[in-house]
Each structure stands twice: as C-alpha cells, then as structure tokens.
Amino acid sequence: MRCPDVVLSAMVSHPIYRETPGLLDRAGEVFSKFPLWALARYLPPAEARRMLMACLPEIRRMQSPSGLWKRKFSELRSCTILLALKHAGLFESGMDRRLLAYNPFLPFAHAETLHGLLVRRHVMDTPLSTDAALQQTLADAITSAQTTDGAWDGMVAMTANRLELLLDLGIDPTSPVLQRGATWILDQYKESVHGHRGGNQVAAQAVSMFTTTQQSEEFSRFDAAFPEEDVCGACFYSLPLIQTGLAIRALIRLGHADDPRVDASCRSLLAMQRPDITWCAIGCRHILERRLVEERKAERI
C-alpha cells in the first residue's frame, strides 16, 4: 500500500473528481507499470476492463496451478484479483475459462474463511448454506472492536479499513454501526496539517486532510494489524495522504461524497498533484515546501 494507489483509488471513485482531465489516463499508466489490483475495483467498470485486459498475460503468468496468485498472503491477493476481474465484467458468460490458466474458484468454493466468503458472494454467486452464519460471525468480530465513538483503535486508517470490509461483507451502508464510523472519520477532518521530515515537523502545511494527531501511531498500528499491506512509514509520516485517501474512499461508499469536507479534501489532493498527475507524500511535501518558500520570498519583495 502506497500513496499513489490509495489516493488514485479515492479520486477515481468520486463521481465528480474522477472526471478530472488526465486522471483516468494516468491511472491506466500507473496500472500498466505496477498492476494495483485493488485500484481496479474503484474505477468505472469500462476503464477497469480496459486496464485489466492489457494485463491479462501477466495475470495468467502469475497464477499457480492451485488457482491462486502469489505464495505469501495468496488468498488475499487472489481474492483482490478476482474481485477486480468481476468488477470489470470479465467473468460474464463463462469468459473466465478463456482468460485464466487455471480454475481460480476451486480454492474458495468451500473455504470457511473471509476471502472464501467474499469470492463466493461477489464473484461466484454460489453461496454455501453456512455462509449466512459465517458472514454474521465475521461481521460481529469486526463490530465488537468498534469503540463507542464509532472508531476502531482511534485511528483513521484502521476505521476506514474496517468500514470498507463491513461493506464488502454486505452490511447495509445506512446501518448505525457504519454511519457512526463515518461520523467519527468526518470529525477527524483537519483544516491544516503540518508535514514531517525525519520525524520532525516542518513549516509547510497541507490543508483539508482526514487524520488524527498521532501519525506515528497511525502507521505502527496499521502496519501491525495488516502486515500484508506492506505499508510505507514515510507515506504515513510525511503527509497523511494514505489516511485521507482511505477516509475519502470509505466515506464515498457510505454515501458522503457530497459532504463539504470530502469535497475540500479532494480539491486539496488535486492541488498537491505532482507533474506526472500522481501523489507521493514525500513529493507532495516538497511541493508544499517550495510553495511556502516562494510565498515568503514574495512577501519580502
């Protein structure tokens, strides 16, 4: 998990900001170099289909005879790829048999796991008689960790992740549990946030971010809870782009795309884009620092 894929997935999922000139094209360029399977789920289906079709040789090459992809965290990675292919409409009319080298469904057909449930629910459409109970067990385990204020572990990244997972499990977006979490995230909106370099606060500030004041804790707790995400500490420390991107993504799915704070955050992210139309916390911090230097020079003139 890095800044570019999280922020891109947030921006392309917004019904207005996905129309930003060059954004979808840039997402396609990034995807062609570094296939970001999770990003594909947030693209318009036609765009996801175009990008995934271009990656099909690589998808086939990476699949093992077991039907899964990758050796480490293989269920998670395989589930993500299958959800992306389904979102793009590439599992319609039996097309999957022509697309993939091996049957990807066998490992999930009877797996009493989170990823088995998600694949059966969203891709295969062949639920087991025990899936309703499994869904409830998994949802209860997640919601039981929610604190009374609506957060998980008091962290934006963690809360956004849990909310999206509950949505994937089929929990109603209007349910009090999910909306309480959305309200908590909205309450973490900050009009300005200082950047950091090497653990030290810098003068440059980003505006309209979703984050707590504990950016170091945001990273360490998220990294401990989700080692499979391979998060980069610098992405969390320099500027809270990952926290903000995850927050925007969850809030949009929960019906808050029109909230002024979501809109302000999207506009802020656009203002920090690098020349290549991507985002990097360190690079964006440099942009803000250069702007601050230029502003101070102008004031002395």
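What's the extension gain from His110 to Arg50 if we count 0.36 nm per residue and subtract their Cα-Cα distance?
18.5 nm
Could you name the aspartates and glutamates in cross-link range of Lys86, using Cα to Cα under 18 Å and dropping any fewer than eight places away on the same chain?
Straight-line reach from Lys86, under 18 Å: Glu47, Glu58, Glu75, Asp96, Asp125, Glu164, Asp168.
Can you tell me the relative contact order of region 35-126? Whole percent, Cα pairs under 8 Å, sequence separation 6 or more.
On the way: 99 pairs, mean separation 28.7, N = 92.
Reported as a whole number, the value is 31 percent.
Using Stokes-Einstein with the Kirkwood hydrodynamic radius over Cα pairs, what translational diffusion coefficient do you get for region 35-126 at 20 °C and a viscosity of 1.002 mPa s, in µm²/s rounded to a whole number? Intermediate values should be presented prior to the final figure.
Values: Rh = 13.0 Å.
Estimated via Stokes-Einstein, D reaches 165 µm²/s.
Sort Thr137, Thr212 so that the residue with the fewest other Cβ atoms within 10 Å of its own Cβ comes first and the one with the most comes last.
On the way: Thr137 12, Thr212 17.
Least crowded to most crowded, the residues run Thr137, Thr212.
If I take R0 = 45 Å and measure r between the Cβ atoms of Thr20 and Thr147 in this structure, what FRET efficiency does the formula 1/(1 + (r/R0)^6) give, to the nearest 0.05?
So the FRET efficiency works out to roughly 0.80.
Could you give me D for region 146-192, from Stokes-Einstein at 25 °C and 0.890 mPa s, where the hydrodynamic radius is the Kirkwood radius over C-alpha pairs? Units µm² s⁻¹, please. Intermediate values should be presented prior to the final figure.
Details: Rh = 10.7 Å.
This corresponds to a translational diffusion coefficient of 230 µm²/s.
Report the calculated FRET efficiency for Thr137 and Phe226 (r = Cβ-Cβ distance, R0 = 25 Å), to the nearest 0.05.
Working: r = 20 Å, r/R0 = 0.81.
About 0.80, to the nearest 0.05.
No value in this document is a laboratory result; all are computed from the given coordinates. Keep in mind it's a predicted model, so treat the numbers as computed, not measured. Reconstructed Cβ throughout: ideal geometry from the backbone, glycine too, with neighbour counts over all protein chains shown.
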